[in-house]
Every structure is written in C-alpha cells, then in structure tokens.
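Enquirer: What follows is a structure written as structure tokens; I'll ask about it next.
Coordinate-derived values only; no laboratory data. Source: prediction; values computed, not measured.
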Amino acid sequence: MASSTKKLSADERQMQISRILMLRDRITVNEIASEFSVTTETARKDLSILEQKGIAKKFHGGATRQNNYLSGMFINERMEQNIFNKRRVAA
C-alpha cells in the first residue's frame, strides 16, 4: 500500500478500505492506521461501520471481506471486466 498524502473524510477512507478488501480479502487495523494516518481507534471504528454495512467481517486486529458482498460502488469496474468476451457473447 502506498502512503496517503491527503487527509480523507471518513466516508472516503471507508471507501478506500472497502476497495482494499475487494482486492486483498483482508486488512489489519495497523495497516489502516499506517496507510491513512489515523489512530487505531479510528481504524477500528471504520471497520465497525463497514461491518454494519455488510462489507467487512471484523476479527481481532482487522477484518476480512464479507463473502456475500457484491459492491454496487464498483459496478462500473465490474462492467469493464472481460468486455471483449461480453461483447462476443452479446453478438
């Protein structure tokens, strides 16, 4: 993870954390604190909010991605995946 240079709002930070979870399946509280220059308490709060939204499942020291989570905010990204094959099937 690259260090963030700009302070993000809580919503922006949580969106970035959910993106990381989509890519890596898990993240630790310490990784969040370091990446986003926040306290571990803030990182835990972010994970609690993401758990309430059904995005993350907390464990001691971090969280994993919810298995049943299909992110609506990444719909454009998912639509672009395998575009060649999708067009071939549609034709």
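Enquirer: Step through the table entries Lys45/Lys86; Lys57/Lys86; Lys6/Lys58; Lys7/Lys53, compare each Cα-Cα distance with 29 Å, and write down the pairs that go over it.
Expert: Violating the 29 Å limit, Cα to Cα: Lys45/Lys86; Lys57/Lys86.
Enquirer: Please label the shape of the stretch 1-55 as rounded, prolate or oblate, based on the square roots a ≥ b ≥ c of the eigenvalues of the alpha-carbon gyration tensor (a/c under 1.5 means rounded; beyond that, a/b larger than b/c means prolate, else oblate).
Expert: rounded
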